[in-house]
Amino acid sequence: MSLRSPLRRVTGLGSAKGGASHWYIQRVTAVALVLLGLWFVAALASLDGASHANVVNWLASPISSALAVLLVVTAAYHALLGLQVVLEDYVADHGKRLVALLVVKFALVVAAVIGVLAVLRIAFGVAA
């Protein structure tokens, strides 16, 4: 039994049956961001007054670099999920919505790659 009207069934509009998982993943990434953000802020606060070399050594440790990469990737994915919902809800024109979604996805992938590469360069000691 479908809750969609016959017109909605014919036109293909209505539930895509993916909203619940999207909502759940966004909440999971939000919780992960809270935990990773608290770790990052606490770690930086403990490094207050440390030299640049000490901060680089801290970020070069395997646990710190892995958590920093997780923070960058999770933040980018969470932003993508949120911006996708906003664009789908408030941009009525399908062409403009598609272009906006592609631009947002491209920008967030580029930002995530830059962030991950920055952490990995520090972690592996690659000089600038």
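Name the pairs whose Cβ atoms lie under 7 Å apart, with the first residue in the stretch 106-128 and of a type outside the set (S, T, N, Q), the second open to solvent by 60 Å² or more (accessible area, probe 1.4 Å) and assigned to a helix (DSSP H, G or I), and 6 or more positions between them or separate chains? Partner pairs satisfying both residue conditions: 112/73; 116/73. Report the residue count in the stretch 82-97 for those that are in a helix (DSSP H, G or I), of a type in the set (D, E, K, R) and over 19 Å from residue 22 (Cα atoms). The qualifying residues number 1. All conditions in (1) modelled with pLDDT of 95 or more; (2) farther than 17 Å from residue 39 by Cα hold for residue 94, with the sole exception of (1).
For every residue, the table says whether it meets (1) more than 11 Å from the chain's Cα centre (by Cα); (2) aromatic (Phe, Trp, Tyr); (3) surrounded by 11 or more Cβ atoms within 10 Å (Cβ to Cβ); (4) outside any helix (DSSP H, G or I).
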{"site": "32", "(1), (2), (3), (4)": "no, no, yes, no"}
{"site": "49", "(1), (2), (3), (4)": "yes, no, no, yes"}
{"site": "58", "(1), (2), (3), (4)": "yes, yes, yes, no"}
{"site": "63", "(1), (2), (3), (4)": "yes, no, no, no"}
{"site": "66", "(1), (2), (3), (4)": "yes, no, yes, no"}
{"site": "80", "(1), (2), (3), (4)": "no, no, yes, no"}
{"site": "107", "(1), (2), (3), (4)": "yes, no, yes, no"}
{"site": "116", "(1), (2), (3), (4)": "yes, no, yes, no"}
{"site": "120", "(1), (2), (3), (4)": "yes, no, yes, no"}
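The values are calculated or read from the model by the stated rules, or taken from the named source; none is laboratory data. Since the structure is predicted, the reported quantities are computational estimates derived from the model, not experimental observations. Don't worry about glycine lacking a Cβ; one is built from the backbone with ideal geometry, like all the others, and counts go over all protein chains shown. For the accessible areas, the whole protein counts, side chains as well, though only heavy atoms, and no ligand, DNA or RNA atoms are used. Shrake-Rupley method; radii C 1.70, N 1.55, O 1.52, S 1.80 Å.
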